Amino acid sequence: MNTTQGVTVRVENCAKTFADGTRALDPVTLDVARGETLVFLGPSGCGKTTMLRIIAGLEKPDSGGRVLFNAQDVTRIPIERRNVGMVFQSYALFPNMNVAQNIAYSLALRGAGKAERDSRVAELVALTGIEGLENRNIDQLSGGQRQRVALARAVAMRPSVLLLDEPLTALDAALRERLRGELDRLLRTLGITTIYVTHDQSEAMTLGDRIVVMRKGAIAQVGSPRDIYFKPASRFVAEFIGAANIIDAVSDNGVLVLPGGRLAVDKTGHGQVAAMIRPESIGIISPEAAFLVGRVASVSFTGDRQRLVVDGASDKPLIVDASNTLAVKIGDTVGLTVAPSAIQFLQGA
Amino acid sequence: MTNLRNRLIFSGQFVFTLLVAAFLIVPALLSMLAGVTVNYFTGIRSGLTLQWVIQVWELYADTIARSFVIALAALAVTLVVGVPAAYALHVRGGRFARIVEEIITLPLAVPGLAIALALLLTYGGFSDFRRSWLFILAGHVVFTMPFMVRSVMAVFSAIDVKTLDEGAASLGASPWRRFRDVIVPNAKPGILAGSLMVVTLSLGEFNLTWMLHTPLTKTLPVGLADSYASMRLEVASAYTLVFFVMIIPLLVAMQIYADSCGRKTARR
């Protein structure tokens, strides 16, 4: 197998029913391009980890399901012969080995000599920024250092696919954010096909070339971070990713009819619709000039912006992200404006 | 005032502890002393001698050796069978594993005599087996296996061995390499604790062994009972002395070794 750029991965009709009858995954078919980073995103219990474990070879799909690497069927091949690098949520570092031995274990298994192992370890500790820790025991490392060791260990044998199962979840928020950036650079440097599982949408947005949003064992939407954010396919995706206003209203020949006025939309015809508007897409203008007005119910100043909740404009209070310099206080009547292109209609209204 | 009271309470507790310890230790010391007394009924005035110890050694050297062979053989079998069994039971999990674990543990609850009787009923007909020390070994393995399996399993559940195993597998390790490189080294504290139990229990085991032994396959405790029943009290006491001299250093050495490994693991 070509290992420098990774392989294409195809998951074909893979479902998973556990021995106790629990259906963890409905039949899923999915292609991952060579060198792509694909993120499985969803709440806990959505089947994303089961999906990853099927690709890894730690779980067998129900009969009829197939996993292909570079069009070669690997469904029956156990994980130890799939050449996949894996980073576990708990890292699974071996406590009986030091950092260098952990990183070099896969090379030792493949019969690499000491010189080769040492040079690869040196290369990887430099790449992951853990120089000087080679002879430390695992218990002497911080959480962030463990995470880097786990990553270095997983890529040491130049795997065909890199699989990461919530690799940042065990870390505190500040460290998570920093490592997210590092991980992104590292994955791009390696150029390896990567499959990443997380429940954290900002991780998914930063790292994913494409995101697979999952819900209750099925795929809710597949798309680029921008697609998922701006064009969610369903109410679930819209609400799961970022903050969203979902307006249930009647659309009448290019106009949404709302309690506080009306909004122009790119939609002809007449009928009940569900429209999604992101908080940052709503502009605040003077009420005299506006077709849609509401009353400010709360203002939270967060430094980079202020988040308003506006009552009376729609069927539900609207969340609006306004500029941090706008003079506005609770009880003010404000005019609201939204570009028609920023209004996304959801299916299954 | 309170200071004095505290000191009184402390002294009281200290004396009480000493008394309890003495109550337990004095008989052992007296017994060992009797083993080197010329005539126990005359008392220590009759003088000290090593003749009884020498006599015991001459009579029972092979019994003592056999005991150690059986203990080490039991250790070998419980290691070779018990550690992989614990691994399999832990990784597999579920109801089946629980049932197997209960069955392995059963000999702890069933009296040794009953186990011996069952072994005799089943295998007594195979006379070569029945006459050899291997018959006793079989009994000891049945009796000591749960201690090995349980202490190894306890470590497995403490270190999340399943994820370590999956981690090693993802790096390309075959099941055997995973077991050798990752599972066993990380289960070492449990394996050591289990080994300590197996060796001590095997060396001191009487119930089962008494039923299973033949005049030619005695072990230390059976020999002890034998000498109590049929010889001078001084000889029997000398036997106790020999028993202690053989076992205490072994136990201390194993305990020290286990402690040093335990410390290393605790540091992690």
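The table for this structure:
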| quantity | calculated |
| --- | --- |
| Furthest towards positive pole of dipole, B:Tyr239, B:Leu108, B:Gln55, structure part the range B:52-267, Cβ charges | B:Leu108 |
| Inter-label distance for A:Arg81 and A:Ala122, nm, one decimal - labels placed 7 Å from Cα along Cα-to-Cβ | 3.6 nm |
| Whole-Å semi-axes of chain A's equivalent ellipsoid (Cα gyration tensor) | 46, 25, 15 |
| D (Stokes-Einstein, µm²/s), Kirkwood Cα radius, the range B:61-134, 1.002 mPa s at 20 °C | 145 µm²/s |
| Estimated FRET transfer efficiency when R0 is 41 angstrom, pair A:Ser142-A:Ser44 (beta carbons, to 0.05) | 0.95 |
| Whole-number D in µm² s⁻¹ for the range A:171-210, Kirkwood Cα-pair radius fed into Stokes-Einstein, 4 °C, 1.567 mPa s | 122 µm²/s |
| The range A:50-107 versus the range B:145-214: alpha-carbon centroid distance in Å | 26 Å |
| Tensor-based shape of the range B:97-193 (alpha-carbon gyration tensor, a/c under 1.5 rounded, otherwise prolate or oblate) | prolate |
| Electrostatic dipole magnitude of the range A:246-346 [Cβ: Lys, Arg +1; Asp, Glu -1; Cα centre; debye, to 20] | 100 debye |
| Chain B - mean residue ellipticity at 222 nm from DSSP helices (-39,500 (n - 2.57) per run, n ≥ 4, rounded to 500) | -26500 deg cm²/dmol |
| Spacing of the two label points (7 Å from each Cα toward its C-beta) at A:Arg262 and A:Ser300, in nm | 3.4 nm |
| At R0 = 45 Å, FRET efficiency that the Cβ-Cβ distance of B:Asp259 and A:Arg23 yields, to 0.05 | 0.35 |
| Under-5 Å amide H pairs with A:Thr37, H placed in peptide plane, nonlocal only | A:Thr194, A:Asp209, A:Arg210 |
| Total charge dipole magnitude, the protein assembly as shown, about the Cα centre, Cβ charges on Lys, Arg, Asp, Glu only, Debye to nearest 20 | 840 debye |
| Per residue solvent-accessible surface (Å²) - the protein assembly as shown, probe of 1.4 Å | 48 Å² |
| Within chain A, helix-based [θ] at 222 nm, where runs of 4 or more DSSP H residues each add -39,500 (n - 2.57), nearest 500 | -7500 deg cm²/dmol |
| At q = 0.07, 0.09, 0.13, 0.15 Å⁻¹, base-10 log of I(q)/I(0) for chain B (Debye sum, equal scatterers on each alpha carbon) | -0.37, -0.58, -0.98, -1.13 |
| Per-pair calculated FRET efficiency, R0 = 22 Å: B:Val80 and A:Lys60 via Cβ, rounded to 0.05 | 0.10 |
| Highest average packing first - B:160-170, B:109-119, B:58-68, Cβ atoms within 10 Å | B:160-170, B:58-68, B:109-119 |
| Along each principal axis, Cα extent of the range A:235-349, largest first, Å | 39, 33, 20 |
| Radius, Kirkwood style, for the protein assembly as shown when every pair of distinct Cα atoms is counted (Å) | 30.8 Å |
| Shielding of A:79-85 by partner chains, average beta-carbon count, 10 Å | 5 |
| Candidates B:Gly94, B:Gly223, B:Gly82: whichever shows maximal mean-square fluctuation once chain B is modelled as a Gaussian network with Cα springs under 10 Å | B:Gly94 |
| Neighbouring partner chain Cβ atoms per residue of B:171-183, average, 10 Å criterion | 5 |
| Options B:Ile183, B:Thr214, B:Tyr257, ranked by Cα towards positive dipole end of the range B:114-268, top entry (Cβ charges) | B:Ile183 |
| Accessible area of the range A:4-47 belonging to carbon and sulfur atoms, whole % at 1.4 Å probe | 49 percent |
| Normalised contact order of the range A:246-346, rounded percent, pairs of Cα under 8 Å and 6 or more residues apart | 33 percent |
| Long-range amide H partners of A:Phe345 with built H, under 5 Å | A:Met276 |
| Unit charges at the beta carbon, dipole of chain A: most positive-side option, A:Pro340, A:Ala154, A:Thr50 | A:Ala154 |
| Amide N of the range B:124-168 lying under 18 Å from the label point, which is placed 7 angstrom from the Cα of B:Asn207 along Cα→Cβ | B:136-148 |
| The range A:329-349-the range A:134-212 distance, computed between alpha-carbon centres (Å) | 37 Å |
| More than 16 angstrom apart: percent of Cα pairs within the range A:8-76 | 44 percent |
| Residue of B:Arg131, B:Arg95, B:Arg178 that the Gaussian network model of chain B assigns the largest fluctuation, springs spanning Cα pairs under 10 Å | B:Arg95 |
| Fraction of beta bridges assigned by DSSP in the protein assembly as shown that are antiparallel (%, nearest 5) | 75 percent |
| B:Leu50 paired with B:Leu113, simple spin-label distance in nm, labels 7 Å along Cα-to-beta-carbon | 4.0 nm |
| Whole-number D in µm²/s for the range A:51-129 (Stokes-Einstein; Kirkwood sum over Cα pairs; 37 °C, 0.692 mPa s) | 224 µm²/s |
| Reciprocal mean inverse distance between Cα atoms of the range B:1-101 - Kirkwood radius, Å | 19.6 Å |
| 10 Å Cβ neighbours from other chains, averaged over peptide A:90-100 | 5 |
| Total accessible surface hidden between A and B, rounded to 100 Å², 1.4 Å probe | 1900 Å² |
| Candidate aspartates and glutamates for bridging to A:Lys216, where Cα separation is under 13 Å - those fewer than 8 sequence places away on the same chain excluded | A:Asp26 |
| Accessible surface of the range A:158-237, 1.4 Å probe, proportion on carbon and sulfur as whole % | 50 percent |
| Simple Cβ-charge dipole of chain A, Lys/Arg +1 and Asp/Glu -1, about Cα centre, in debye nearest 20 | 760 debye |
| Dimensions (Å) - the range B:104-261, Cα atoms, principal axes, largest first | 65, 39, 26 |
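The values are calculated or read from the model by the stated rules, or taken from the named source; none is laboratory data. This is a predicted model, so every value here is computed, not measured. We place every Cβ from the backbone using ideal geometry, glycine too, and count neighbours over all the protein chains shown. For accessibility, only protein heavy atoms count, side chains too; no ligands or nucleic acids. Shrake-Rupley method; radii C 1.70, N 1.55, O 1.52, S 1.80 Å.
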